[in-house]
Amino acid sequence: QVQLVESGGGLVQAGGSLRLSCAASGRTFTTMAWFRQALGKEREVVAEASYGGGTRYVDSVKGRCTISRDNHKNTMYLQMNSLKPEDTAVYYCAADPNYFPNEYHYWGHGTQVTVSS
């Protein structure tokens with residue numbers, strides 16, 4: 001059974017840092033990603049990472065966030081620095097067997113990130 005379990009969310013002041021983790025079980029995935037959904041807004045992709053190390057970022061987090069994967073642990077991370085109040089959202093881990101897919105088939109339950117001003 002496939003499971004994606006996020007951890008590492010919390011409350012942080014603007015300018016601070018957080019590291020999110022997503023532990024996958026049940027299979028390995030070609031692509032894993034972080035999405036976020038702020039209150040009243042649509043879910044958006046934040047960053048994606050392929051098994052081979054390729055990455056993509058949404059423009060709003062470039063230079064502030066780093067996505068990485070530990071393939072041996074089947075775990076993905078998102079290091080977030082210089083956090084802003086507009087980064088406040090529920091962050092979701094997603095994964096898919098395809099390479100940078102248009103849609104992700106597997107999802108975690110999310111972890112709340114709150115950035116205070």
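Taking chymotrypsin sites (Phe, Trp or Tyr not before Pro) across segment 1-78, the ones in a DSSP loop with at most 16 further Cβ atoms lying within 10 angstrom of their Cβ are TYR51.
Potential lengthening of the chain between SER60 and ASN98 amounts to 11.2 nm, from the contour at 0.36 nm per residue minus the alpha-carbon distance.
Our coupling estimate for segment 77-92, obtained by passing each phi through the Karplus curve with A = 6.51, B = -1.76, C = 1.60 and θ = phi - 60°, is 10, 9, 8, 10, 10, 6, 5, 10, x, 6, 7, 4, 4, 8, 9, 10 Hz, Gly and Pro reported as x. The separation of segment 48-78 from segment 16-45, counted between C-alpha centres, amounts to 10 Å. Cysteines in the chain lacking any other cysteine Cβ under 4.7 Å from their own Cβ: CYS65. Counting only residues at least eight positions apart within a chain, or on another chain, the lysines with an alpha carbon under 28 Å from that of LYS73 are LYS62.
With the biggest extent put first, the Cα atoms of segment 68-117 measure 38, 23, 18 Å across the principal axes.
Values quoted throughout were computed directly from the atomic coordinates according to the rules given, and no laboratory measurement underlies them. If you're wondering where the values come from, they're calculated on a predicted model, not measured in any experiment. FYI the Cβ positions are ideal-geometry reconstructions off the backbone, even for glycines, and counts take in every protein chain you see.
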